[in-house]
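*Asks:* After the structure tokens below, expect a handful of questions from me.
The values are calculated or read from the model by the stated rules, or taken from the named source; none is laboratory data. These figures come from a predicted structure and were not determined experimentally. Cβ: placed from backbone, ideal geometry, glycine included. Neighbour counts: every protein chain shown.
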Amino acid sequence: MNPLYTAVATANGREGRAVSSDGKLDLQLSPPPALGGDGVGTNPEQLFAAGYAACFAGALGVVSRQQKVDVSEVSVTAEVTIGKDDSGFGLSVVLRVELPQELAGEAGELLVKQAHQVCPYSKATAGNIPVELIVE
């Protein structure tokens, strides 16, 4: 891989802070009430969901430009679930992709599948956690 950019952030646990090296990200962390926390701060699952949704939307942009299709009105929602599995805890993801009306049906589904092959988050999760794609 030819590195283009490296993001650096430091966290001191699920209750504490997460701070990027440039200071642009500085968040209070706390577990959600469903995991016994007070929910005052954000949590790793929310951060992963936001990152995955943004990255997938970017991948849709790359694929759509190659095919000369306009997806400027696209919306991607990532639902990241944490739960118990055989090894302790695990994650699963549902990606809900809302495409413009003109991309409804098979054309939109193909575009989303192609973006899933291009997205770095999708590549990183492939074979590691379940990821479901839903085109809306």
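*Asks:* Go through region 115-136 and report how many residues are in a helix (DSSP H, G or I), exposed (fewer than 15 other Cβ atoms within 10 Å of the Cβ) and hydrophobic (A, V, I, L, M, F, W, C). First the steps, then the outcome.
*Replies:* Step one: filter region 115-136 for residues in a helix (DSSP H, G or I), giving 115-118, 120-125.
Those still in the list that are exposed (fewer than 15 other Cβ atoms within 10 Å of the Cβ) too: 117, 120, 123-124.
Subsequent filtering for residues that are hydrophobic (A, V, I, L, M, F, W, C) retains 124.
So the answer is 1.
*Asks:* Can you spot a residue in region 24-37 that is at pLDDT below 95 and at positive phi?
*Replies:* yes
Residues checked against (1) in a strand (DSSP E or B); (2) among the β-branched types (Val, Ile, Thr); (3) in the same structural domain as residue 102 (by TED's automatic domain parsing):
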position	(1), (2), (3)
7	no, no, no
17	yes, no, no
28	yes, no, no
31	no, no, no
50	no, no, yes
56	no, no, yes
59	no, no, yes
65	no, no, yes
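*Asks:* Right, another one. If you go through region 104-132 one residue at a time, how many are under 12 Å from the mean Cα position of the chain (by Cα) and farther than 21 Å from residue 47 by Cβ?
*Replies:* 0
*Asks:* Does region 85-104 hold any residues that are under 19 Å from residue 59 (Cα atoms) and either part of a loop (DSSP other than H, G, I, E, B) or not assigned by TED's automatic domain parsing to the domain that holds residue 51 (or both), and which are they?
*Replies:* Listed by number, the residues that qualify are 99, 100, 104.
*Asks:* Filter region 87-103 down to residues that are surrounded by fewer than 15 Cβ atoms within 10 Å (Cβ to Cβ) and within 21 Å of residue 124 (Cβ to Cβ) and give me whichever is nearest to the chain's Cα centre (by Cα).
*Replies:* Among residues in region 87-103 that are surrounded by fewer than 15 Cβ atoms within 10 Å (Cβ to Cβ) and within 21 Å of residue 124 (Cβ to Cβ), the one nearest to the chain's Cα centre (by Cα) is 90.
*Asks:* Let me ask something else. Give region 48-93 a look and list any residue that's in contact with a Ser or Thr (Cβ under 6 Å, 6 or more places away or on another chain) and more than 28 Å from residue 27 (Cα to Cα), or say none.
*Replies:* Listed by number, the list holds a single entry, 71.
*Asks:* Could you please let me know if residue 81 is of a type outside the set (A, V, I, L, M), under 23 Å from residue 18 (Cβ atoms), in contact with a Lys or Arg (Cβ under 7 Å, 6 or more places away or on another chain) and outside the structural domain of residue 12 (by TED's automatic domain parsing)? Spell out how you get there, then give the answer.
*Replies:* Working: of a type outside the set (A, V, I, L, M): yes; under 23 Å from residue 18 (Cβ atoms): yes; in contact with a Lys or Arg (Cβ under 7 Å, 6 or more places away or on another chain): no; outside the structural domain of residue 12 (by TED's automatic domain parsing): yes.
Against the criterion (of a type outside the set (A, V, I, L, M), under 23 Å from residue 18 (Cβ atoms), in contact with a Lys or Arg (Cβ under 7 Å, 6 or more places away or on another chain) and outside the structural domain of residue 12 (by TED's automatic domain parsing)), residue 81 does not qualify.
*Asks:* Checking the condition in contact with a helix residue (DSSP H, G or I) (Cβ under 9 Å, 6 or more places away or on another chain), surrounded by 16 or more Cβ atoms within 10 Å (Cβ to Cβ) and part of a strand (DSSP E or B), which residue from 112, 69, 80 passes? Walk me through it before giving the result.
*Replies:* Details: 112 fails: part of a strand (DSSP E or B); 69 fails: part of a strand (DSSP E or B).
Testing whether each residue is in contact with a helix residue (DSSP H, G or I) (Cβ under 9 Å, 6 or more places away or on another chain), surrounded by 16 or more Cβ atoms within 10 Å (Cβ to Cβ) and part of a strand (DSSP E or B) leaves just 80.
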